[in-house]
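Here's the structure, in structure tokens; my notes come after.
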Amino acid sequence: QFATRVVSCRAAELRPEGGGEPVRGFQVVLEDTILFPEGGGQPDDRGLIGDVPVLRVTRRGPEAVHFVQAPLEPGAEVLLSVDWERRFDHMQQHSGQHLITAIAEQMLGFKTTSWELGHQRSFIELDTSSMTAEQVKALERRVNEKIRDRVPVTVRELAGDDPEIERVRSRGLPEDHVGPVRVVDIEGIDSNMCCGTHVSNLSELQVIKLLGTEKGKKNKTNLIFLVGNRVLKSIEQSHNTEKALSSLLKNGPGEHVEAVRRLQSSVKLLQKNNLNLLRDIAVLIAQDFKSKPAPRQLFVLHRKEGDSEFMNIIANEIGTEETLLFLTVGDEKEAGIFLLAGPVEAVQNLGPRVAELLGGKGAGKRDRFQGKAAKMSRRGEVQALLQEFISHQNTEV
């Protein structure tokens, strides 16, 4: 907690991080603050001004701007509180990034070009096109050795013209920076310009887990990592998943992969058998229709189970030169698929109108028009349209 005073408060809007409508509120500037404004790859802090929640903290030149939804009186004394769980998480991830970055360059010669502290996992962008699994393991072993060595982390401020700055690792200062330069030192390992929040000893990181790499941009490699409490949360989540799978698969964690492989093989076989049965059913349905006495100008069928191939097999077996076919597959109360097949002129004329009635979209080529339907319950209206079309054709003949 920290006691301070309100300097200014003005109406403003905040755009939510996930998108959506802007939130109305106020931008508050304090004499001083313990809430970190977003910057340097690290997200901002959260907390309270009195009992008013702080929803965002941003930097405006040398000032930290706090966004709140209730107005605060300029000149008023307030007690500022930081969301410690969020702050400590960011401290662990940021100090962990400094350590990984320093050791990756010392061990492997891979420089860090950027990094991002994510909500669940973070990554460091390394200036290399690839990184082997063995290199990842070796790097993970080394950084955790440094954590066990309980190496101190200290913060110092240097004057802008101090020659020591030349020996400090940096990706450059913001264009609007004025005043002293803040340097974070990991004793004997790293010295880095940084505005972020950090632990005071590497032992506070607890543990670092490198989850592997992903291809980055422009021949870079993203190294994915977790630090401290995030590792514990990940283990808990994995353990809960293992317990759930053990219950469902009726075996232990060591047998899960093989059990899933067997299930996948069974599902593929069932899908193949189901497809063969659907084809047989489609042929039988077509043969039954063709065996009936005339007239055979319209064929309508709805089936809950099936696919596009099922509908096209029926159309192929019945033929589209003389018969107009309207086939649908899916749950009547939900979305599904449809096929309109028949004489080319009729299909081209009726296809878009059928799609419109079914609240869907489709496309056609010659004697077929097929697509998705959002309103399967309106099939009766489509059938009435088709019957009316056929009746009109017969009258003209």
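Overview of values
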{"quantity": "Of residues in the stretch 331-370 being on the phi > 0 side of the Ramachandran plot and modelled with pLDDT under 90, the one surrounded by the fewest Cβ atoms within 10 Å (Cβ to Cβ)", "calculated": "R366"}
{"quantity": "Residues satisfying the stated conditions in the stretch 35-71, i.e. within 26 Å of the chain's Cα centre (by Cα) and open to solvent by 30 Å² or more (accessible area, probe 1.4 Å)", "calculated": "E38, G40, G41, P43, R46, L55, R56, T58"}
{"quantity": "Among the candidates Q97, Q106, residue that is out of contact with any helix residue (DSSP H, G or I) (no Cβ under 9 Å at 6 or more places or on another chain), of a type in the set (S, T, N, Q), under 16 Å from L139 (Cβ atoms) and not assigned by the TED database to the domain that holds R46", "calculated": "Q97"}
{"quantity": "Odd one out for I235 among (1) under 30 Å from T112 (Cα atoms); (2) assigned to a loop (DSSP other than H, G, I, E, B)", "calculated": "(2)"}
{"quantity": "Strands (runs of 3 or more DSSP E) completely within the stretch 46-122 that count 2 or more residues being more than 27 Å from G216 (Cβ to Cβ)", "calculated": "47-49, 52-54, 56-60, 63-68, 77-82"}
{"quantity": "Filter result (loosely packed, with under 12 Cβ neighbours inside 10 Å, under 22 Å from G319 (Cα atoms) and of a type in the set (D, E, K, R)) within the stretch 265-305", "calculated": "D280, D288, K292"}
{"quantity": "Within the stretch 371-383, considering residues that are under 40 Å from the mean Cα position of the chain (by Cα) and open to solvent by 10 Å² or more (accessible area, probe 1.4 Å), the one farthest from E305 (Cα to Cα)", "calculated": "R378"}
{"quantity": "Subset tally (residues that are touching a residue at least 60 places away in the same chain (Cβ under 8 Å) and of a type in the set (D, E)) for the stretch 46-75", "calculated": "1"}
{"quantity": "Selection status of T33, at pLDDT below 95, within 29 Å of V178 (Cβ to Cβ) and of a type in the set (V, I, T)", "calculated": "no"}
{"quantity": "Enumeration of residues in the stretch 310-319 that are surrounded by 19 or more Cβ atoms within 10 Å (Cβ to Cβ) and of a type outside the set (F, W, Y)", "calculated": "M311, I313, I314, A315, I318"}
{"quantity": "Filter pass, A102 being small (G, A, S) and surrounded by 19 or more Cβ atoms within 10 Å (Cβ to Cβ)", "calculated": "yes"}
{"quantity": "Number of the exception - V78 against (1) among the β-branched types (V, I, T); (2) surrounded by 16 or more Cβ atoms within 10 Å (Cβ to Cβ); (3) closer than 30 Å to V207 by Cα", "calculated": "(3)"}
{"quantity": "Scope the stretch 299-330; condition touching a helix residue (DSSP H, G or I) at 6+ places or on another chain (Cβ under 9 Å), under 18 Å from N274 (Cα atoms) and part of a loop (DSSP other than H, G, I, E, B); matching residues", "calculated": "E305, G306, D307"}
{"quantity": "Residue that is assigned by the TED database to the domain that holds E125, under 30 Å from the mean Cα position of the chain (by Cα) and assigned to a helix (DSSP H, G or I), where the choices are L223, L139", "calculated": "L139"}
{"quantity": "Filtered residues of the stretch 8-21 (kept if surrounded by fewer than 14 Cβ atoms within 10 Å (Cβ to Cβ) and not in a loop (DSSP other than H, G, I, E, B))", "calculated": "R10, A11, E13"}
{"quantity": "Residue in the stretch 384-392 that is in contact (Cβ under 8 Å) with a residue 24 or more places away in the chain and open to solvent by less than 10 Å² (accessible area, probe 1.4 Å) present", "calculated": "yes"}
{"quantity": "Hey, E388 assigned by the TED database to the domain that holds V344 and more than 44 Å from the chain's Cα centre (by Cα) or not", "calculated": "yes"}
{"quantity": "Criterion violated by D32 - all others in (1) open to solvent by 40 Å² or more (accessible area, probe 1.4 Å); (2) out of contact with any helix residue (DSSP H, G or I) (no Cβ under 8 Å at 6 or more places or on another chain); (3) not in a loop (DSSP other than H, G, I, E, B) satisfied", "calculated": "(3)"}
{"quantity": "Within the stretch 236-264, tally of residues that are closer than 30 Å to F123 by Cβ, among the hydrophobic types (A, V, I, L, M, F, W, C) and surrounded by 13 or more Cβ atoms within 10 Å (Cβ to Cβ)", "calculated": "1"}
{"quantity": "Condition broken by G380, with the remaining ones in (1) closer than 15 Å to L325 by Cα; (2) touching a strand residue (DSSP E or B) at 6+ places or on another chain (Cβ under 9 Å) satisfied", "calculated": "(2)"}
{"quantity": "Yes/no for M107 being aliphatic (A, V, I, L, M) and open to solvent by 30 Å² or more (accessible area, probe 1.4 Å)", "calculated": "yes"}
{"quantity": "Among (1) within 28 Å of F2 (Cα to Cα); (2) open to solvent by 10 Å² or more (accessible area, probe 1.4 Å); (3) assigned to a helix (DSSP H, G or I) - the single one R24 does not satisfy", "calculated": "(3)"}
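The values are calculated or read from the model by the stated rules, or taken from the named source; none is laboratory data. Here the structure is a predicted model, which means the values were calculated and not measured. Reconstructed Cβ throughout: ideal geometry from the backbone, glycine too, with neighbour counts over all protein chains shown. Only protein heavy atoms, including side chains, enter the accessible area calculation; ligands, DNA and RNA are left aside. Shrake-Rupley method; radii C 1.70, N 1.55, O 1.52, S 1.80 Å.
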